[in-house]
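Data first, discussion second: the structure below is written as structure tokens.
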Amino acid sequence: MIVRSLYLLVTPRNVLSALKPQRERYFSTLVAHKNSHTSRSKMGSINCKEYKTTNETNACANNTSYNGTTGSYQTLKENNMSVYTEYVTLCNQADIQENEMKVFDFNEDTKVLLIKQNGELSAVGNKCSHYGAPLHTGVLGQGHVRCPWHGACFNIKTGDIEDFPGLDSLPCFNVQVETTGEVKVRAKKVDLTESKRLKNMASYCPETNLTYVVVGGGPAGAVCAETLRQEGFTGRVIMICRENALPYDRIKVSKSMNIELGKIEYRNSSFYNEHSIETMVGVEATKLDIECKTVLCSNGKLIQYDKIFIATGCCPIKPPIKGADLNNVVTVRDHSDADFINNFVDAEKNVVCLGSSFIALESAAYLAKKVKSVTVIARDEVPLLASFGKEIGQRILDLFTENGVKIITNSGITEIFGSDDNKVKEVILKDGSKLPCDLLIMGTGSKFYTDFLKESGVELNANGTINTDMYLMTNVPSVFAGGDIANAPVFSNGNQRTHIGHIQLAQYHGRIAAINMVGQTQIKLKSIPFFFTMIFGKGLRYAGYGKYSDVLIEGDLPNFKFVAYYLNSNNKVIAVASCGRDPIVAQFAELQAQDKCLHRSDIEGKEDPTAWTKNMNADAPCKLPAMNY
């Protein structure tokens, strides 16, 4: 059944009266803050103009351009039925079993994923909207299908994206079962030309008299801005982007340094213009005033907001090494960094990468065949030791060696020497040895872009992160935070707070924050971190989080067809990594999403150590511990 929702933005008191008792305390905080804020504002302030609380009732509730947030197939609701195809028979209902997914040809160009769960049939597109993975090879969860490659989740009834990476939803097909048992589907014709679908977006209405600001043009900010519209928000949406660019897929910067910026933009300027999302590029937030509800920008503009989402991410840092300020000593974060490197290198250049982070290793892998030499200087005995462990780290080291990249372990750079024109020429290592160096890439860490929040009233941790609750709200009810800077609860880690710099989690934060900012419904975080990278054609996946004390490796590590189980001191599996064994990491992510877990005894010594994957929707006695906020 397709459910249509009519958007209505209500005040916190209206929401409070409609909510269950256990959530009253959360919203009473909002009301108390608003009341105290209003009383302070009436008295005025020497630091800002008098702030008058805006009317939070949506004056545009009858916005006809917004048709709800459900899937694209609206059963018999279209005035013009010519937008639909005829019904196409896929199979007999007896051909598909409970909790089963099957892919069928709708026509020679379009495949349909047919799913049976809880006795009901539904049908959505079969291509993940992220990188096009075939979803019938993925994982069926409770009400969603999970991508086998990178863990994105889509609602099986509507096709709507619910977890990331990616932006768009899946096409949704209408299913009809005849009395003969024949299963037929039909689609909107437009869905036959696209493998992905933009959710319905509300239109801007000046009478709404609300302004929501998004600070940060990364994955969290980009998803938040458009989710506000998808959730029916009709006020002003302003997105402040530090880079002189619209939001783009930043993780490709270190993997494909020659890629054009326009090809990795999440959305183009026409999209933001069409949906009245105001973008300020090349602009930083420099000061936040929670009393006046204003944010001051580097271009001198002062923006007043009703609610604000902060997702400013990280800034790469250089270690305090003598010579680090020389020309051609660089970090990699923005597209402009990659563009500089790509234009600088040639077959005569010697490149040194300091650090064995993903950024440093991905940069080294990209440059391996483009320069005279690439050398990675690693602090640990193997690269990625903390993430993957010693055995997998050693195999990664060997992979780099096989591809002509030298990795020097248990080392570091003590000094950097330059030429007469102030360009790096040579580096000295801990053991006193010297390396020729025309370009030094530092992948040695980062700090958080949150200095502008100091003395704002938003509480910062010593490392610059911001604590949030289960709704991504900070200690200030009108201020939300997400992405790298958010020290937020992680469901798969017992909802203990931590900060994680993954694109998947950042985009998920953007969606959850936007839903909670709009306030029609409140959704708690249910974070399952999922990380992925590609090095020399080897796709590594990793899901979960926590400190491990042992690693069990099953499969063929030398040929990169393995599964690694990371166990804590209690022999519980806290994370799973793999290469060449999809969809097992997605299956583990789904297991954690279902509040279940694995132990050493489920894997070690078993004839089939993957037996746990056979019935993802069955009950399991093991439950993840929970912490409440």
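Taking Val213 as the residue in question, decide whether it is in contact with a strand residue (DSSP E or B) (Cβ under 6 Å, 6 or more places away or on another chain), part of a strand (DSSP E or B) and either in contact (Cβ under 8 Å) with a residue 60 or more places away in the chain or surrounded by fewer than 22 Cβ atoms within 10 Å (Cβ to Cβ) (or both).
Against the criterion (in contact with a strand residue (DSSP E or B) (Cβ under 6 Å, 6 or more places away or on another chain), part of a strand (DSSP E or B) and either in contact (Cβ under 8 Å) with a residue 60 or more places away in the chain or surrounded by fewer than 22 Cβ atoms within 10 Å (Cβ to Cβ) (or both)), Val213 qualifies.
Please go through region 204-228 and give me each residue that is under 30 Å from Ser336 (Cα atoms) and either at pLDDT below 95 or more than 17 Å from the chain's Cα centre (by Cα) (or both), ordered by number.
The answer is Tyr212, Val213.
Given the options Ala589, Ala564, Ala575, name the one that is of a type in the set (A, V, I, L, M, F, W, C), modelled with pLDDT of 95 or more and assigned to a helix (DSSP H, G or I).
After ruling out the rest, the residue left standing is Ala589.
Take Lys301 and tell me if it is under 20 Å from Ile240 (Cβ atoms), of a type in the set (Lys, Arg) and surrounded by fewer than 24 Cβ atoms within 10 Å (Cβ to Cβ).
Taking the combined requirement at face value, the residue satisfies it.
Just to be sure before I move on: is Asp163 open to solvent by less than 20 Å² (accessible area, probe 1.4 Å), modelled with pLDDT under 95 and touching a strand residue (DSSP E or B) at 6+ places or on another chain (Cβ under 9 Å) in the structure I sent?
So Asp163 does not fit the description; no.
Quick test for you: out of Ser28, Ser39, Ser82, pick the one residue that is of a type outside the set (A, V, I, L, M), open to solvent by 40 Å² or more (accessible area, probe 1.4 Å), part of a helix (DSSP H, G or I) and modelled with pLDDT of 50 or more.
Ser82
Restricting to region 600-629, and then to whatever is charged (D, E, K, R) and within 24 Å of Gln496 (Cα to Cα), can you tell me which residue is modelled with the highest pLDDT?
Arg600
Answer yes or no: is there a residue in region 248-263 that is surrounded by 21 or more Cβ atoms within 10 Å (Cβ to Cβ) and more than 30 Å from Asp346 (Cβ to Cβ).
no
Does region 377-388 contain at least one residue that is within 30 Å of Asn487 (Cβ to Cβ), open to solvent by less than 30 Å² (accessible area, probe 1.4 Å) and of a type in the set (Asp, Glu)?
no
Identify the residue in region 85-109 that is of a type in the set (S, T, N, Q) and open to solvent by 50 Å² or more (accessible area, probe 1.4 Å) and, among all such residues, is nearest to Val185 (Cα to Cα).
The qualifying residue nearest to Val185 (Cα to Cα) is Thr89.
From Ile574, Ile553, grab the single residue that is over 27 Å from Gly221 (Cα atoms), open to solvent by 40 Å² or more (accessible area, probe 1.4 Å) and more than 17 Å from the chain's Cα centre (by Cα).
None of the others qualify; the one that does is Ile553.
Residue check: is Val112 under 30 Å from Gln594 (Cα atoms), at pLDDT 95 or above, crowded, with 16+ Cβ neighbours inside 10 Å and in contact with a Gly (Cβ under 8 Å, 6 or more places away or on another chain)?
yes
Listed here are the residues, each with its yes/no results for (1) under 16 Å from Met257 (Cβ atoms); (2) of a type in the set (A, V, I, L, M, F, W, C); (3) more than 22 Å from the chain's Cα centre (by Cα).
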{"residue": "Val283", "(1), (2), (3)": "no, yes, yes"}
{"residue": "Val295", "(1), (2), (3)": "no, yes, yes"}
{"residue": "Asn299", "(1), (2), (3)": "no, no, yes"}
{"residue": "Lys307", "(1), (2), (3)": "no, no, no"}
{"residue": "Gly313", "(1), (2), (3)": "no, no, no"}
{"residue": "Gly323", "(1), (2), (3)": "no, no, yes"}
{"residue": "His335", "(1), (2), (3)": "yes, no, no"}
{"residue": "Ala347", "(1), (2), (3)": "yes, yes, yes"}
{"residue": "Gly355", "(1), (2), (3)": "no, no, yes"}
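Which of the residues spanning region 324-340 are among the β-branched types (Val, Ile, Thr) and not in a strand (DSSP E or B)?
Selection gives Thr331, Val332.
List, please: which pairs have Cβ atoms under 7 Å, are six or more places apart or on different chains, and start with a residue in region 546-573 that is of a type in the set (A, V, I, L, M, F, W, C) and end with one that is modelled with pLDDT under 95?
Pairs found: Val573/Cys597.
Could you give me the residue pairs with C-beta distances under 8 Å whose first residue belongs to region 407-423 and is farther than 25 Å from Leu361 by Cβ and in a loop (DSSP other than H, G, I, E, B), whose second residue is among the polar types (S, T, N, Q) and open to solvent by 40 Å² or more (accessible area, probe 1.4 Å) wherever it lies, and which are 6+ apart or on separate chains?
Taking only residues 6 or more apart or on different chains, the pairs are Asp421/Asn327; Asn422/Asn327.
For residues that are open to solvent by 50 Å² or more (accessible area, probe 1.4 Å), touching a residue at least 24 places away in the same chain (Cβ under 8 Å) and in contact with a strand residue (DSSP E or B) (Cβ under 9 Å, 6 or more places away or on another chain), tally how many sit in region 185-208.
Of the residues in that region, 6 qualify.
Okay, residues lined up against (1) at pLDDT 95 or above; (2) within 15 Å of the chain's Cα centre (by Cα):
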residue: Thr474; (1), (2): yes, no
residue: Ala486; (1), (2): yes, yes
residue: Leu505; (1), (2): yes, yes
residue: Arg511; (1), (2): yes, yes
residue: Thr521; (1), (2): no, no
residue: Gly544; (1), (2): yes, yes
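The values are calculated or read from the model by the stated rules, or taken from the named source; none is laboratory data. These figures come from a predicted structure and were not determined experimentally. A quick note on method: Cβ atoms are made from the backbone with ideal geometry, for glycine too, and the neighbour counts reach across all protein chains shown. All accessible areas refer to the heavy atoms of the entire protein, side chains included, with ligands and DNA or RNA removed. Shrake-Rupley method; radii C 1.70, N 1.55, O 1.52, S 1.80 Å.
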